[in-house]
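Visitor: The structure's right below; bear with me while I get my questions together.
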Amino acid sequence: MKRILVPVDFSAAAETAFDYALNFGLPFNAEVICLHAIQDISTRAEAQSKLQKFTTHNSLTAPAQVTVTNVVISGTLENAVNEFISTSPVDLIVMGTKGAAGFQKVLGGSNTTDLLSSTSLPILIVPQGFTFSQVNFILWAID
């Protein structure tokens with residue numbers, strides 16, 4: 001578990017996912033890659049600045065063993081993630097959601113659903129406001 005990708009839209013749910021990824025990656029000395037997708041290429045510099053502020057502000061207590069990298073890619077989130085992982089291997093995607101309402105959107109066609117259907121990477125969905133605690137068990141639900 002050396003590389004963890006966190007899609008960032010600057011929401012509170014993205015902050016929770018980023019914090020979770022930092023803590024989850026600690027035992028592995030992982031690299032946490034924050035990816036922001038933009039539709040308009042003219043906003044790239046502004047997006048890079050905003051992403052840098054986001055990661056700096058939200059990783060003030062991050063342990064030194066975890067490296068944070070920022071990436072801005074043009075396109076939809078699904079295309080940006082797939083473009084990135086085609087050239088840079090990633091072990092896990094960690095995404096935030098807004099709780100029950102957010103999870104219902106996952107089932108109805110959100111960015112998370114798009115990623116679930118377009119990548120073979122595992123995706124960990126973290127509810128907004130969730131506080132990290134060590135993972136002891138993982139439930140594997142199959143059909």
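Visitor: Tell me the per residue accessible area of the chain using a 1.4 Å probe; a whole number in Å² is fine.
Guide: On the way: 8160 Å² over 143 residues.
That works out to 57 Å² per residue.
Visitor: I would also like to ask the following. May I ask you to order 89-97, 72-80, 127-135 by the average number of other C-beta atoms within 10 Å around their residues, highest value first? Could you put the intermediate results ahead of the total?
Guide: Numbers: 89-97: 21.0, 72-80: 17.2, 127-135: 12.1.
Peptide ranking by packing, descending: 89-97, 72-80, 127-135.
Visitor: Filter the chain for me: DSSP H helices, axial length by Cα at least 15 angstrom, mean Kyte-Doolittle hydropathy not below -0.5. List them by residue number. It would help to have the intermediate numbers written out before the result.
Guide: Working: long enough: 12-25 (20 Å, 0.39); 44-58 (21 Å, -1.43); 77-87 (16 Å, 0.15).
Long hydrophobic helices here: 12-25, 77-87.
Visitor: Per the 1.4 Å probe, what fraction of the accessible area of the range 4-143, in percent, lies on carbon and sulfur atoms?
Guide: Working: 4350 of 7910 Å².
So the carbon and sulfur contribution to the accessible surface is 55 percent.
Visitor: Here's another thing I want to ask about it. Any idea what diffusion coefficient the chain gets from Stokes-Einstein, in µm²/s, Kirkwood Rh on alpha carbon pairs, 4 °C, 1.567 mPa s? Don't jump to the answer; show the numbers that get you there.
Guide: Values: Rh = 15.4 Å.
Stokes-Einstein gives a translational diffusion coefficient of 84 µm²/s.
Visitor: Given Cα pairs under 8 Å that are at least 6 residues apart, what percent is the relative contact order of the chain?
Guide: Working: 238 pairs, mean separation 46.8, N = 143.
It comes to 33 percent, rounded to a whole number.
The values are calculated or read from the model by the stated rules, or taken from the named source; none is laboratory data. On a predicted model such as this, the values are computed, not experimentally measured, just so you know. Ideal geometry is used to build each Cβ from the backbone, glycine not excepted, and the neighbour counts take in all protein chains shown. Note: areas computed on protein heavy atoms with side chains; ligands, DNA, RNA excluded. Shrake-Rupley method; radii C 1.70, N 1.55, O 1.52, S 1.80 Å.
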